[in-house]
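Trainee: Mind having a look at this structure? Questions to follow.
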Amino acid sequence: MTQDPCDWPRLLGACVDQAYNAVIITDARLEAPGPEILYVNPAFERMSGYGRDEVVGLNPRFMQGPDTEREVLDRLRRNLQRGEPFEGHTINYRKDGTPFHMEWTTTPVRGDSGDITHFVAVQRDITRQVELETELELRASTDPLTGFYNRIRFSEYLGNELNRLRRYGGEATLLLLDLDHFKAINDEHGHDLGDRVLKELCQVLEENSREADIPARWGGEEFVLLAPETFAQEGELLAEKLRQAVANHPFPAVAAVTVSIGCVSLSPGDSPDEVLRRADDAMYAAKEAGRNRVATG
Ligand code: GH3
Ligand code: MG
Ligand code: MG
């Protein structure tokens, strides 16, 4: 017997059952403990690892982890109470415990009387997309050789710090470090070893700075470090500590690696260009004074 092409209930059921996205239908109970799952389609079972029998009767939030933002849950509850659709993005957990990013909508379904009788949620696993976006963001803001923030990202931090100083006052320190005679190291030992020295220098900077400090690769063999909430004297001590740490570090194959450091104190009202120019001037003064030293500006 051929199927009636206008058998809408059957056709709609088949569409939901065979939809590519996960579909969850719940009742419309809003009082605690909230709506219960009445139906999930096979795409939900594939995405979550849970079988239909295991989830019917549960509240859909059973897959959410502790990292779901309060704001998202509050907005969901508010929208459902108002009978409005909801759109969100949460991290959920599959049956095997692995997390995944899920984009979803929940829409109220009204019966003939106009009352809300059910909610229908449509969910999509966007983990791959989130991972790609994170990767792209990381690439755009970090230097591929050292993994340090690049100039673009550092400039954002510097701008934010200067805004913070303008608003709340205080002091901060900016260091500009330039390797001494790095060209000679490259010429003598090759570019690959030069690269290793740059990477190792980053480790030394990281190990000798505080968690709140922001080091970055400014370009070539120049590095910067922003030390928030640091007074001028503390900043100079930090610069001197870094200079010594580099000079005393046993770099591979190279007899001596040293840095010249320009050290400037940031005050409310300074502009990024101005403090960078001052740091550059101070660094050149350190070079002229004989290298492997700190100069303030
Ligand atoms: P100074 O003490 O005056 O700073 O001397 P310098 O030789 O360090 O200065 P200069 O600006 O003449 O040379 C910088 C060198 O840094 C030249 C360039 O080949 C090298 N350099 C820049 N970026 C990289 C990099 O990514 N890897 C390697 N291996 N070398 C780099
Ligand atoms: Mg240089
Ligand atoms: Mg140099």
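Trainee: Which value results for Rg/Rh of the stretch 64-190 when Rg is the Cα radius of gyration and Rh the Kirkwood radius based on the inverse mean 1/r?
Mentor: Values: Rg = 24.5 Å, Rh = 20.0 Å.
Reported Rg/Rh, Kirkwood definition of Rh: 1.23.
Trainee: With angles folded into 0 to 90 degrees, how steeply does helix 70-82 sit against the dominant principal axis of the chain? Use alpha carbons for both and round to 10.
Mentor: Tilt relative to the chain: about 30 degrees.
Trainee: So how tilted is helix 191-207 from the main axis of the chain? Cα-based, degrees 0 to 90, rounded to 10.
Mentor: Roughly 80 degrees, rounded to the nearest 10.
Trainee: Using a Gaussian network model of the chain whose springs link C-alpha atoms within less than 10 Å, name the residue from Arg151, Arg278, Arg29 with the highest mean-square fluctuation.
Mentor: Result: Arg29 has the largest fluctuation of those listed.
Trainee: Just to confirm the number: angle between the C-alpha axis of helix 8-18 and the first principal axis of the chain, 0 to 90 degrees, nearest 10?
Mentor: That helix lies at roughly 30 degrees to the long axis.
Trainee: Now, a different point. Ignoring everything except DSSP H segments at least 4 long, calculate the 222 nm mean residue ellipticity for the chain; use -39,500 (n - 2.57) per segment, divide by total residues, nearest 500. Let's see the in-between values first.
Mentor: Details: 10 runs with 127 residues, N = 297.
Result for the chain: -13500 deg cm²/dmol, rounded to the nearest 500.
Trainee: Where does each of Ser260, Ser141, Ser271 land when they are ranked from fewest to most other beta-carbon atoms within 10 angstrom? Mind showing how you got there, number by number?
Mentor: Numbers: Ser260 24, Ser141 15, Ser271 10.
Starting with the residue having the fewest Cβ neighbours, the order is Ser271, Ser141, Ser260.
Trainee: Compute the Rg/Rh shape ratio of the stretch 212-297: radius of gyration over Kirkwood radius, all on alpha-carbon atoms.
Mentor: On the way: Rg = 13.1 Å, Rh = 13.5 Å.
Rounded to two decimals, Rg/Rh equals 0.97.
Trainee: Sticking with this one: Dividing the convex hull volume of the Cα atoms of the stretch 5-131 by its residue count, what figure in Å³ per residue is obtained? The partial results should precede the final answer.
Mentor: Working: hull volume 15.1 nm³, N = 127.
So the per-residue Cα hull volume is 119 Å³.
Trainee: Okay, moving on. Quote the charge dipole size of the chain about the Cα centre in Debye, to the nearest 20; the model charges only the Cβ of Lys and Arg (+1) and of Asp and Glu (-1). Don't skip to the end; give the middle numbers.
Mentor: Working: 33 positive and 51 negative charges, 56 e Å.
It works out to roughly 280 debye.
Trainee: On alpha carbon coordinates alone, what is the Rg over Rh value for the chain, Rh being the Kirkwood radius?
Mentor: Values: Rg = 29.3 Å, Rh = 23.9 Å.
Value, to two decimals: 1.23.
Trainee: So, one more: May I ask you to derive the relative contact order of the stretch 142-296, considering only C-alpha pairs under 8 Å and at least 6 residues apart, and to give it as an integer percent?
Mentor: Values: 280 pairs, mean separation 50.6, N = 155.
Over the stretch 142-296, the number comes to 33 percent.
Trainee: Calculate, axis by axis, the spread of Cα positions in the stretch 142-296 along the three principal axes, and write the results as whole Å, longest axis first.
Mentor: 49, 32, 24
Trainee: For the chain, set up a Gaussian network in which alpha carbons nearer than 10 Å are linked by springs, and say which option among Leu276, Leu11, Leu132 fluctuates the most.
Mentor: Looking only at Leu276, Leu11, Leu132, the biggest GNM fluctuation is shown by Leu11.
Trainee: Tell me the relative contact order for the stretch 248-297 as a rounded percent, counting alpha carbon contacts under 8 Å between residues six or more apart.
Mentor: Values: 64 pairs, mean separation 22.4, N = 50.
Averaging sequence separation for qualifying contacts and normalising by length gives 45 percent for the stretch 248-297.
Trainee: Which length gain, in nm to one decimal place, applies between Ile116 and Lys183 when the Cα-Cα distance is subtracted from 0.36 nm times their residue separation?
Mentor: Details: separation 67, 0.36 × 67 = 24.12 nm, distance 7.32 nm.
Between Ile116 and Lys183, full extension yields an extra 16.8 nm.
Trainee: Stretched out fully, how many nm does the piece from Glu288 to Leu73 gain, at 0.36 nm a residue minus the Cα gap?
Mentor: Values: separation 215, 0.36 × 215 = 77.40 nm, distance 6.01 nm.
Here the segment from Glu288 to Leu73 would lengthen by 71.4 nm.
Quick note: the coordinates plus some simple rules give every number you see, no bench work behind them. Given the structure is predicted, the values throughout are model-derived calculations rather than measurements. For neighbour counting, all protein chains shown are included, and Cβ atoms are generated from backbone atoms with ideal geometry for every residue, glycine included.
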